[in-house]
1. Whole number in Å², please: accessible area per residue of the chain, 1.4 Å probe, ligands, DNA and RNA not counted.
2. I'd like the accessible area for H289, computed on protein heavy atoms only with a 1.4 Å probe and all protein chains in place. Round to 10 Å², please.
3. Are there GluC sites (Glu not before Pro) in the stretch 124-187 that DSSP puts in a loop and that have at most 16 other Cβ atoms within 10 Å, and which ones?
4. How large is the charge dipole for the chain, taken about the Cα centre, if only the Cβ atoms of Lys, Arg (+1) and Asp, Glu (-1) carry charge, to the nearest 20 debye?
5. Please work out whether the chain counts as rounded, prolate or oblate from its C-alpha gyration tensor, where a ≥ b ≥ c are the square roots of the eigenvalues and a/c under 1.5 means rounded, while otherwise a/b larger than b/c means prolate and anything else oblate?
6. How much accessible surface area, in Å² rounded to 10, belongs to the heavy atoms of V278 with a 1.4 Å probe?
7. In whole Hz, what ³J(HN,Hα) sequence does the stretch 96-110 give by Karplus (6.51, -1.76, 1.60; θ = phi - 60°), x for Gly and Pro?
8. Name the residue, out of N122, N146, N60, whose mean-square fluctuation peaks in a Gaussian network model built on the chain with Cα pairs under 10 Å.
Amino acid sequence: MPPTRNRAAVPEQLGFAGMPERLFVCTPSKLGAFLDCPRRYRYSYVDRPTPPKGPPWAHNSLGASVHTALKNWFTLPPERREPGALPTLLKSTWVREGYRDVELERAAYRKALDWLETYVANLDPEEEPLGVERVVAAKTSVLALNGRADRIDARMGESGPEAVIVDYKTGRSGLDADDARGSQALALYAYAAQRVFRRPCHRVELHHLPTGTVAAHEHTDESLARQVRRAEETAQDIMAAEKAVAAGADPDESFPVNPGSLCGWCDFRKVCPAGSGVAAKEPWTAVEHLAG
Ligand code: SF4
């Protein structure tokens, strides 16, 4: 056989022009970043090196600490899942960054411990979730989707075993069923979980620890498919913007700014022309009320 070196031709020559595009690899938060603000997406995922970010946020530290404590709760054997274990769990995962001072940090720690004590009082220690901080993944004709769900519960539904997506929230404001219904991230986790666990997954829940409330929504196959379609449309918009930049378009036009209330909280406020005029939030603004 003759060497085949010169047969490596461009895709069009090989008749591959009509081949599907490469799948867009993404997480729900990557898609959400573009929906919130295309420029923020560009700073986070396109520009290299990544532009300098602002300082760490105390509310992110608090959220991460509580999430990890709950994750570690489920690594304990059932007989050790009792409230007395929580101080050790929380202390060992506590993230200190972003607080104004030690006083505010201590107040946040005490609140977090209260929230956790109330929360675990309503958990059955014998119950093992299907997954805790579990990565679920699925492909569509456009997306290679993956994401880490806080918890995926195994529950008995009307027609048999089901998976339920649980997302912990530690922000100040409470949440309602509309938040659960409208969350693209939760819907995409449910879509992926159905495939990973090979069981129905339609119910998504937001567990708001500060108020001890649960906001839930029951998706249908149609509403999940709708959310997946929207995610695909967002992915197509992102790929079109990236292609335009690669072809020489102005990156600022392809990834426009979306100035608004998010700018004060944006990690890239200082480098963004729209954000630099916005009053900055202090890194601890969102947790200050915990000291009251
Ligand atoms: S400061 Fe505002 S407009 Fe600029 S990237 Fe951040 S969110 Fe977008």
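The values are calculated or read from the model by the stated rules, or taken from the named source; none is laboratory data. Not measured: the values here are computed from a predicted model. Every residue, glycine among them, receives a Cβ derived from its backbone with ideal geometry; neighbour counts consider all protein chains shown. Areas reflect the complete protein model, heavy atoms only, side chains present, ligands, DNA and RNA absent. Shrake-Rupley method; radii C 1.70, N 1.55, O 1.52, S 1.80 Å.
1. Value for the chain: 55 Å² per residue.
2. The value for H289 is about 70 Å².
3. E126, E127, E158
4. Approximately 940 debye in magnitude.
5. Judged from the Cα gyration tensor, the chain comes out oblate (a/c at least 1.5, b/c at or above a/b).
6. Here the residue's solvent-accessible area equals roughly 50 Å².
7. For the stretch 96-110, the Karplus curve yields 8, 6, x, 6, 5, 7, 5, 4, 5, 4, 5, 4, 5, 4, 4 Hz.
8. Per the Cα network of the chain with a 10 Å cutoff, N122 tops the list.
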